[in-house]
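Asks: Below is the structure I would like to discuss, written out as structure tokens.
Read-outs throughout are calculated quantities, based only on the coordinates presented, and are distinct from any laboratory measurement. Remember, predicted model here, so these are calculated numbers, not experimental data. FYI the Cβ positions are ideal-geometry reconstructions off the backbone, even for glycines, and counts take in every protein chain you see.
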Amino acid sequence: MKNGNIVAGSRDGTVKVWDINKSVCILNIKAHNNFIYAIKMLVDGNIATGSADNTIKIWNSKNGDLIKKLIGHKFPVRGL
């Protein structure tokens with residue numbers, strides 16, 4: 001992320017934004033009901049996630065709000 005934070009997705013379906021200077025999680029999002037296989041910071045600063053639940057979701061990186069859910073994949077989303 002531009003501010004020096006990093007974003008990570010995990011097997012429990014959560015997305016965490018970490019302040020790497022303070023070594024603390026500053027945002028925790030219960031993003032999916034299954035593994036997160038893909039995560040990407042978008043040009044606008046928001047977060048895109050792809051999951052084993054066959055969806056792509058776009059998240060507000062400041063407050064964790066869901067912006068958009070993209071459905072239609074028949075298989076897990078493993079790349080963005």
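Asks: Working from the alpha-carbon coordinates of the chain, get Rg over Rh, Rh being the Kirkwood radius.
Replies: Values: Rg = 12.0 Å, Rh = 12.5 Å.
Here the Rg-to-Rh quotient is 0.96.
Asks: Which trypsin sites (Lys or Arg not before Pro) in the chain sit in a loop by DSSP (not H, G, I, E or B) and have at most 16 other Cβ atoms within 10 Å of their own Cβ?
Replies: Loop-located and lightly packed - 2, 11, 22, 62, 74, 78.
Asks: Further question on the same structure: Given labels modelled 7 Å from the Cα in the Cβ direction, how far is it in nm from residue 22 to residue 43?
Replies: If labels sit at residue 22 and residue 43, their model points lie 3.1 nm apart.
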